[in-house]
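J.: One structure, pasted below without further comment.
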There are 4 protein chains.
Amino acid sequence: MEIATDNARISLRNDYSEGAHPRLLQALAVASAEVNRGYGLDVHSARAAALIRDRLGRDADVHFLAGGTQTNLVALAAFLRPHEAVIAPASGHIAMHETGAIEASGHKVLTVATPDGKLSPALIRPCIDAHHGEHMVKPRLVYISNSTEWGTVYSAEELQALGGFCRDHGLLLYVDGARLASALTTDGNDVDLALLAGQADAFYIGGTKNGALLGEALVIVNPVLRTDFRHIIKQRGAMLAKGMVVGAQFEALFEDGLYFVLATHANAMAARLREILQRAGVPLAVDSPSNQVFPVLPDAVVERLRSFVEFETWERRGDGTTVIRLMTSWATPESDIEAFAAVLAHVLAESQDR
Amino acid sequence: MEIATDNARISLRNDYSEGAHPRLLQALAVASAEVNRGYGLDVHSARAAALIRDRLGRDADVHFLAGGTQTNLVALAAFLRPHEAVIAPASGHIAMHETGAIEASGHKVLTVATPDGKLSPALIRPCIDAHHGEHMVKPRLVYISNSTEWGTVYSAEELQALGGFCRDHGLLLYVDGARLASALTTDGNDVDLALLAGQADAFYIGGTKNGALLGEALVIVNPVLRTDFRHIIKQRGAMLAKGMVVGAQFEALFEDGLYFVLATHANAMAARLREILQRAGVPLAVDSPSNQVFPVLPDAVVERLRSFVEFETWERRGDGTTVIRLMTSWATPESDIEAFAAVLAHVLAESQDR
Amino acid sequence: MEIATDNARISLRNDYSEGAHPRLLQALAVASAEVNRGYGLDVHSARAAALIRDRLGRDADVHFLAGGTQTNLVALAAFLRPHEAVIAPASGHIAMHETGAIEASGHKVLTVATPDGKLSPALIRPCIDAHHGEHMVKPRLVYISNSTEWGTVYSAEELQALGGFCRDHGLLLYVDGARLASALTTDGNDVDLALLAGQADAFYIGGTKNGALLGEALVIVNPVLRTDFRHIIKQRGAMLAKGMVVGAQFEALFEDGLYFVLATHANAMAARLREILQRAGVPLAVDSPSNQVFPVLPDAVVERLRSFVEFETWERRGDGTTVIRLMTSWATPESDIEAFAAVLAHVLAESQDR
Amino acid sequence: MEIATDNARISLRNDYSEGAHPRLLQALAVASAEVNRGYGLDVHSARAAALIRDRLGRDADVHFLAGGTQTNLVALAAFLRPHEAVIAPASGHIAMHETGAIEASGHKVLTVATPDGKLSPALIRPCIDAHHGEHMVKPRLVYISNSTEWGTVYSAEELQALGGFCRDHGLLLYVDGARLASALTTDGNDVDLALLAGQADAFYIGGTKNGALLGEALVIVNPVLRTDFRHIIKQRGAMLAKGMVVGAQFEALFEDGLYFVLATHANAMAARLREILQRAGVPLAVDSPSNQVFPVLPDAVVERLRSFVEFETWERRGDGTTVIRLMTSWATPESDIEAFAAVLAHVLAESQDR
């Protein structure tokens, strides 16, 4: 087969294989040439925090950290007493893909099976009802991701329902926003940072997966959770001596909306992928409007596709089909998507010939 | 007074106020434009590790982490069983300035008072002798810094003595190398990475304080300590999704010795500072050959100096004098040192006039 | 209704409501009047350990601890590195009823759903297969209880299969023996302490639930796991100053087989309960040969029964029936069982009248 | 030499070598024959707690735990956030003799050198002043023992000064009362449980070292510290299934003042020891009014004494003399003290003959 992929395979593996957007690199070069205060007390971090706060419509503390697992563990270690537990979807990143980071800080993660990676009051309630008395951990914080590990997103109504439920039941609501940019720029999304800040006690705005070299902005809305938070950052080894490295990048992301522009591109590329798959008659495992797409393909097709495209295998169903994950990013070129279309058509045709 | 400090004060506060050396920024820009494998499995990290290993003369695992406190806590959490303790100088970074990060991972830090921040077999022995039986923690790892928090450095003989003592007593030797570059390039230094790797079970090569935006290279020499180390990195939130951010910088630092060139400059600037102070008759609190200088000055002089120079107050002696810390870096301009000479002469003259 | 329960309700709630067998109290009184070495180094603990070792047919360390949760957490904290996880049945005591004690020591508990509280290689394998690489915890220890929380017991063949599987897969096998006495004395049991010691790396012999005031004997068979274990006991607050309090009781339990006599009685009382239930046509939720019986009764019958009998509600099925747990102990009088028979007949008749 | 020690050596080693006072054993036998609720919710624990509360003159939660190290670690784990540290005397039990139990729960223990094991505002202040900012742990709780590890005791005035200082500085005051009985019954003592409860946020009343088989009563006065405390007890493996084992013993200790009678005897025996030593011209290392006596003796005398008497070596001074610890208990017979007098006279005479 002759497909114009100029040797390199089409990369749809994840959204952190590429580095930073040029404007962020530029901002970093400028800040790097200055003398800045250390440990996140620099002017870039301060300005980036102010830019984020402007979008919240309320007061909040904003801390810049290096990565998602780190942000989750620092936040939860700070927020919980030793016997307090987290409720998370079984597919949640903290439950499956952080090597027990939350447990290493002493807290149990209680998991709830979900159809699509999203939690709701109805899904949480049985977990709460099942925990009572001092022989069991005390559920105290609800962890969700937006978008989720299945690429699904929460509507404003869903977040409000969750927020209300949490407030009614003495639970904190924490949102892992590794891919928040993608969630907030999907077609039909009615959530913004202000709405999120109105429901969540804390959440983070992911940079690593949306155009930064590294960095997440943790927003702590609930005043009770803010006390001595920088102590916890330092104690967990998460305070960068040159905090401006993250601060300057977030400044660039938020000073004129680049953050949302980048995610809009990733989403557009994913929408195009869904279109291509649909036209080819390939079913999707889940209806995900964000930058993750989960086609279900015959095992043989998946193996053949692998020669041309980089992707993650998500779930071997054992019925001759496999769910794979295709992921776009701020840097995915349109030409890659079109090349994928050609490859897919070719591989599907090949498979029908047999 | 008319001193040519062009408004900005002379910065001798620390060695992490400036960003990265331009060649590192350049390397980062190049790597950023590529598609790289995530989580430190990229080609830049691999090549940087190989460059470092080349200098060791022996096999070792090399991991790239974001900062010093993080590296210390990940390493010690991985190396120690729950009841095992660390022996550190009382001035050691893990003892004083890491917000109890080691204790947060469950381990006691036993401290030993030292005259100059350095440990020796003679200083360690009483601590070992005082710990026996199951009612006390078991000293298991000796933590030293090179250079130390007092700017002092270890000779080859001293490191060999420590290494031998540790091996004889079932102790691990771990070297915090936040400022290893400065130590290895001081006048008269007879230690190199190969010698260090022959004595220490693990050590790290500091990047943050020697020209990188962020990053330390942890070298694990002892094979027993290598097992599953990447699990611990991930669990502690220390695995960067875009690991090439640190890898590419270390590649630039080690491909042709830039690492040592940068530190040599910092040391030269510090040597010039010592010369200036000596000529002005200012005593030093400790004889430090590296990039930290600790003059003892009358309290009033210290306060006056602060108008022109940024520095850390190290120790108020209560006898009318104060020890301050002057620190140079790879980026300290010679003109700043000369400006400091003028400022110092001026302030001392002023003080004698009263 | 006139039932001869002399005011007090029939107690079938658990096996720790009564105190110690008189012979243990007597042994305690004798030891109490002596001068004994502290911290478990007394002659009674030594002799009790020797009596237990005699039954193992191999060398092992034996430590006496105060309770089951404590024993589990001390053992697992000592045996596991930070990233290593436990595989347990979802119904396992450490998973549900220890307030996250294992997580508080830093380790994730991976749970596996089981039909009857028992694990098997087939049930464990998918959990192992699902965990690979450094982004996930590393399953390292399999936790089972014998008897289980559902009163079921392992056969020799089942334990050998589990032991073999664990050895083949680099897993440790740990047995929670809170109710080991009951398991080892059920009808048809073909497991003894020697067989258990041949398969498990460590296990504990429960005293609290079989005639002691408090106390469990932890047996560590695997030599690798023995190092510095007393340090961990002390560190977790589990070393009794007057260790003879547990030692003397275990000495009394094991010097002539009282341990097994007591459990045989409890089992006989439970067998009689099962007979009574069967004759009354009451189904059992699970076929448990030990001292726990799980009848399934109409909700109304359960509520009525509560006026006469103390028991635990195990599972509300939502279909009008409820599973309750009836538990016997070494101290359950035969007259209570017969009184239960009368009460049950009465309540069932009453219920049919409506 | 012919000394009437009927073979056994005189035991002055510690106050936990003997078992329980007969009245406690009797209470235990009675409670053991009953059916009691589990997990400390029994009538004996309730009554013991009420008896203790009666002496406080204020509300408090009372929890019964098994030992001193356990009580310290459960309390501190419950009271502190992760970055908060404890200030303790360098001689404090948590600092030296608990195998890093507090660090294992994540908290640093900051130690202060003291002349006699006692803390004061003047000794604490420098430690507080030295800790500021997020790079250091935050001192949050002051740990003292009464009596101390040097047998010294706090006066009412000293406790009030400490309590006031702690309240003024946002510090919690916690009192380790392993030997509180002895402290409260020394000659000249002006502290009682009510005064203690007025100053300390929490403290424990030691049973193990004053006539119980095991057991300490933790009193939590500060309402903020009470929330969910039983969760933490369970999580740390410190909740006894048969909680009445400790409850019934404390009931016996407090129902008519036996607790104080026992300690008064121990103190009287220690006073007699001091008298004997003074008459023999033996200096004491510290002036301790409680049940611990610290004579300074020539090394050779110490070695010779060891043939007749059991005691702990406390400090080898390296000047030819050694400090030993002689300790009395509720069970020390007067005849042992008189035998000690004879032995001492003999050994000293012998030593002068040389």
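The values are calculated or read from the model by the stated rules, or taken from the named source; none is laboratory data. Keep in mind the model is a prediction, meaning the values are calculated, not measured. No Cβ is skipped: glycine too gets one built from the backbone with ideal geometry, and neighbour counts run over all protein chains shown. Ligands, DNA and RNA are excluded from the accessible area calculation, which covers all protein heavy atoms including side chains. Shrake-Rupley method; radii C 1.70, N 1.55, O 1.52, S 1.80 Å.
J.: Just checking the output field for D:136-145: average partner chain Cβ neighbours within 10 Å of each residue's Cβ?
T.: 2
J.: Within 10 Å, count the other beta carbons around each residue, average over each peptide in D:52-62, D:20-30, and list them highest first.
T.: D:20-30, D:52-62
J.: Let me ask you something else. Using only the Cα atoms of the range B:1-134, build the gyration tensor, take square roots of its eigenvalues as a ≥ b ≥ c, and label the shape rounded, prolate or oblate: rounded if a/c is under 1.5, else prolate if a/b is larger than b/c, else oblate.
T.: oblate
J.: In whole Hz, with x marking every Gly and Pro, tabulate ³J(HN,Hα) for the range A:297-302 from phi via Karplus 6.51 cos²θ - 1.76 cosθ + 1.60, θ = phi - 60°.
T.: 10, x, 3, 5, 4, 4
J.: Starting from the amide H of D:A85, placed 1.01 Å from N in the peptide plane, find each other amide H under 5 Å away whose residue is 5 or more places distant or on another chain.
T.: D:K138, D:R140, D:L141
J.: At a temperature of 20 °C and a viscosity of 1.002 mPa s, determine how fast the range C:120-175 diffuses translationally according to Stokes-Einstein, using the Kirkwood radius over alpha-carbon pairs as Rh; express D in µm²/s, rounded to the nearest whole number.
T.: This corresponds to a translational diffusion coefficient of 177 µm²/s.
J.: Placing +1 on the Cβ of each Lys and Arg and -1 on the Cβ of each Asp and Glu in the range D:22-256, which of D:S147, D:S45, D:N222 has its Cα farthest towards the positive end of the resulting dipole?
T.: Farthest towards the positive pole: D:S45.
J.: How large is the charge dipole for the protein assembly as shown, taken about the Cα centre, if only the Cβ atoms of Lys, Arg (+1) and Asp, Glu (-1) carry charge, to the nearest 20 debye?
T.: Rounded to the nearest 20 debye, it is 20 debye.
J.: Measuring from label point to label point, each 7 Å out along Cα→Cβ, what is the A:L41 to A:E157 span in nm?
T.: For the pair A:L41/A:E157, the computed spacing is 4.9 nm.
J.: Output the 0 to 90 degree angle, nearest 10, between the alpha-carbon long axis of helix C:22-32 and the longest principal axis computed from the alpha carbons of chain C.
T.: Compared with the principal axis, the helix lies near 40 degrees.
J.: Using alpha carbons only, how many degrees (0 to 90, rounded to 10) separate the axis of helix B:258-279 from the longest principal axis of chain B?
T.: Between the helix axis and the principal axis of chain B, the angle is about 40 degrees.
J.: Is there a quick way to get the dipole size of the range B:22-256? I mean about its Cα centre, with the Cβ of Lys and Arg at +1 and of Asp and Glu at -1; what is the value in debye to the nearest 20?
T.: Value, rounded to 20: 600 debye.
J.: What FRET efficiency comes out for the pair A:D190/A:A300, r = Cβ-Cβ distance, R0 = 35 Å, nearest 0.05?
T.: Step by step, r from the Cβ atoms, then E = 0.25.
J.: Over all residues in D:89-102, what is the mean tally of Cβ atoms on other chains that come within 10 Å of each residue's Cβ?
T.: 5
J.: In what order, largest first, do D:K138, D:K209 sit by accessible area if the probe radius is 1.4 Å?
T.: D:K138, D:K209
J.: Extending each Cα 7 Å along its Cβ direction at A:D59 and D:A345, get the distance between those two points in nm, one decimal.
T.: Here the modelled spin labels are 7.7 nm apart.
J.: In degrees, nearest 10, range 0 to 90: what is the angle between the Cα axis of helix C:334-353 and the longest Cα principal axis of chain C?
T.: Long axis of C:334-353 versus the principal axis of chain C: about 50 degrees.
J.: Oh, and also: According to the square roots a ≥ b ≥ c of the eigenvalues of the Cα gyration tensor, what is the shape class of the range B:22-256, taking rounded for a/c under 1.5, prolate for a/b larger than b/c otherwise, and oblate for the remainder?
T.: prolate
J.: So what does the Cα-only Debye profile of the range B:120-252 read at q = 0.11, 0.15, 0.17, 0.22 Å⁻¹, as log10 I(q)/I(0), no solvent term?
T.: -0.46, -0.82, -1.01, -1.37
J.: I would also like to ask the following. Give me a single rounded figure for C:244-251: the average over its residues of other chain Cβ atoms within 10 Å of their Cβ.
T.: 2
J.: Let me ask something else about it. Find which of A:H265, A:P121, A:A345 sits farthest along the positive direction of the dipole of chain A, computed with +1 on the beta-carbon of Lys and Arg, -1 on that of Asp and Glu, about the Cα centre.
T.: A:P121
J.: Over 24 Å apart: what share of the alpha carbon pairs of the range A:180-304 falls there, rounded to a whole percent?
T.: 45 percent
J.: Run the count for chain A, please: Lys pairs, Cα-Cα under 30 angstrom, 8 or more apart or on different chains.
T.: 10
J.: Oh, and also: Using Cα centres only, tell me the gap between the range A:313-343 and the range C:132-205 in whole Å.
T.: Each part reduced to its Cα centre gives a spacing of 44 Å.
J.: Once phi is turned into ³J(HN,Hα) by the Karplus curve 6.51 cos²θ - 1.76 cosθ + 1.60 with θ = phi - 60°, what whole-Hz value does each residue of the range A:246-255 show in order, with x for glycine and proline?
T.: With coefficients 6.51, -1.76 and 1.60, one gets 8, x, 5, 5, 5, 4, 5, 5, 9, 6 Hz.
J.: Quick check: the distance between the Cα centres of the range A:263-294 and the range D:9-25, to the nearest angstrom?
T.: Spelled out, the Cα-based centre of one part sits 76 Å from the other.
J.: Indicate the gyration tensor shape class of the protein assembly as shown (rounded, prolate or oblate), computed on the Cα atoms with a ≥ b ≥ c the square roots of the eigenvalues: a/c under 1.5 is rounded; otherwise a/b larger than b/c is prolate and the rest oblate.
T.: Verdict is oblate for the protein assembly as shown.
J.: A further question on this structure: Given contacts defined as C-alpha pairs under 8 Å and at least six residues apart, what's the relative contact order of the range B:1-126, whole-number percent?
T.: Rounded, it is 15 percent for the range B:1-126.
J.: Another question, if that's okay. If you wrap a convex hull around the Cα atoms of the range A:270-352, how much volume per residue is inside, in Å³?
T.: 86 Å³
J.: Roughly how many whole Å is it from the C-alpha centroid of the range C:53-102 to that of the range A:62-128?
T.: Measuring centre to centre over Cα atoms gives 25 Å.
J.: State, as an integer percentage, the relative contact order of chain B based on alpha-carbon contacts under 8 Å between residues 6 or more apart.
T.: RCO, chain B: 25 percent.
J.: How big is the dipole moment of the range A:205-354 about its Cα centre under a simple scheme where the beta carbon of each Lys and Arg is +1, that of each Asp and Glu is -1, and everything else is neutral? Debye, nearest 20, please.
T.: Computed charge dipole of the range A:205-354: roughly 560 debye.
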